[in-house]
Structures are given as C-alpha cells and as structure tokens.
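Down below is the structure, laid out as structure tokens.
The values are calculated or read from the model by the stated rules, or taken from the named source; none is laboratory data. This structure is a prediction, so every number in the text was calculated from the model and none was measured. A quick note on method: Cβ atoms are made from the backbone with ideal geometry, for glycine too, and the neighbour counts reach across all protein chains shown. SASA here: full protein model, heavy atoms, side chains in, ligands and nucleic acids out. Shrake-Rupley method; radii C 1.70, N 1.55, O 1.52, S 1.80 Å.
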Amino acid sequence: MSFEQWCTRWESVPLAEAAEQYDICKASDNHVEDLEDLFGEESEDFFVHRGDLTIDGPLSIGNDPGLAPDTVYVIDGDLTVNGPMRFLNADVYTPLYVTGSVTARHLMCLMDSNLFIGGSLTVGGLLMTELSDMGMLVVHGAASASAWLETWDRGEVIFVDDLKARRLRMSEGEYLEDSDADDAADILLPEFLDGDTNDVPEKLWAAALVGHPLLRP
C-alpha cells in the first residue's frame, strides 16, 4: 500500500513552508542533514495531515520505487492504530513524521522505512525492527513495548528516552550475542522461528493481521 491509499486528508504544503514548520533534521535526531539525503532531488512539497489520526484495524504502509512521489509525509498530531502497524519501504526512503505520539498493538519497521516520532511510542505487544542501512526509527518521547526484536545490525534505531521493553535476539547469528538481550525463542511463539528465519517478519505480520498472539504468555 502506498501512503496516499491509507489516508484521504493529505494536504500538499509547499516545500519552503513545510521545511520550516516540520524540521526533518531535528525529527531524525540530526541523521538527515537535508532532503537530498533521502531523495535524489528535493521534493516540491510535503503531504501533511493536520490533527490526530485514528486507524481502526491494521495499518500497512510503505511503497516500492515509483509508487509514491519523493516527498515527506507528516501527521501533525497523534497516530493511533487500533491493531498492528507495519512500515515497509523497499529501495525508496519516503519518511513518515508523526509530530505527536504513536500507539499500536504491534509495530514492525522494516527495510528502508524511515519513521520519526516527535512524541511517545506505545506498543502493546511486539516492536520489531529489521532496517537496512538507510532505514531509521527515531522516537523523541517515552517508548514502551512488551518486547523489542531487532534482527539486523544496520540502520538507525534511536530512543531519545530509554525504551522500556524486553530486548530479544535471534538464536542464529552473533548480533546482540554479548548483550543483555534474551533469546527470541524463549519469548516468541515457536511457530514463528520454524524454518527459514528470513521469513520471520512475514510470519509475524500474517499472525498479527488475524489477531493471533505473537508472544508467549
């Protein structure tokens, strides 16, 4: 699903006005110096939703090249998802900037997604990050989840305040091996780790869509 399809109230705001009002450098914790870091050319505008936005049911956003314009999407308020949320970009770095807080049942940030949150992040269940070198998750306010599974030592995951969550690591591989992360096999339900571990995100998302538990009781 491209960005335009999940919200009908995007307002096109000219670049000069939007860039002054919505500081992407600050939102990214200074990891984006200018829009050319994200796009080959500067966008001509931002797409802005003014006010809080509530989504009933699951939300899957993101796009492949050519499916959405090179721009910045801004929710000037809070984003509440009454269900799971997945953000998956592939070879395109279209960011979503939520100036307020984000609340979701589960949250998955994958590949080249760039999610900037000016307020708090509250995830009732699982937070999963599997980001490429250009992927980013930045949370400026308080952040909490039942568990945080990070599978790649790539991208940028920044919690300006500490994240309150049980950190998980995959059994295979050396990433987080020497940290205080728990083995994901002890926390996730076993069906998600059977077979090829590259399929874990898809298995988790498919289960989340139908309300299947992801974590052991």
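Report whether or not E17 is more than 24 Å from L126 (Cα to Cα) and either without any contact (Cβ under 8 Å) to a residue 60 or more places away in the chain or not charged (D, E, K, R) (or both). Full working, then the answer.
Working: more than 24 Å from L126 (Cα to Cα): yes; either without any contact (Cβ under 8 Å) to a residue 60 or more places away in the chain or not charged (D, E, K, R) (or both): yes.
So E17 fits the description; yes.
Just give me the residues in segment 89-103 being open to solvent by less than 20 Å² (accessible area, probe 1.4 Å) and modelled with pLDDT of 95 or more, in sequence order.
As a first pass, look at segment 89-103 and keep what is open to solvent by less than 20 Å² (accessible area, probe 1.4 Å): 89, 92, 94-96, 98, 100, 102.
Across segment 89-103, the qualifying residues are L96, V98, G100, V102.
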| said: Considering only segment 45-66, I want to know if a residue exists there that is farther than 27 Å from E202 by Cα, in contact with a Leu (Cβ under 7 Å, 6 or more places away or on another chain) and acidic (D, E). | reply: yes
| message | Going residue by residue through segment 120-127, is there one that turns out to be touching a Phe, Trp or Tyr at 6+ places or on another chain (Cβ under 7 Å) and at pLDDT below 95? | response | no
| task | Could you give me the residue pairs with C-beta distances under 7 Å whose first residue belongs to segment 202-217 and is under 23 Å from M111 (Cα atoms), whose second residue is open to solvent by less than 80 Å² (accessible area, probe 1.4 Å) and of a type in the set (S, T, N, Q) wherever it lies, and which are 6+ apart or on separate chains? | result | L215/S146
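Could you list, in sequence order, all residues of segment 186-217 that are open to solvent by less than 50 Å² (accessible area, probe 1.4 Å), assigned to a helix (DSSP H, G or I) and at pLDDT 85 or above? Give the steps one after another, and end with the answer.
Pass one, segment 186-217, residues open to solvent by less than 50 Å² (accessible area, probe 1.4 Å): 187-189, 192-193, 197, 200-201, 204-205, 207-208, 214-215.
Within this subset, residues satisfying the condition of being assigned to a helix (DSSP H, G or I) are 192, 197, 200-201, 204-205, 207-208.
Listed by number, the residues that qualify are F192, V200, P201, L204, W205, A207, A208.
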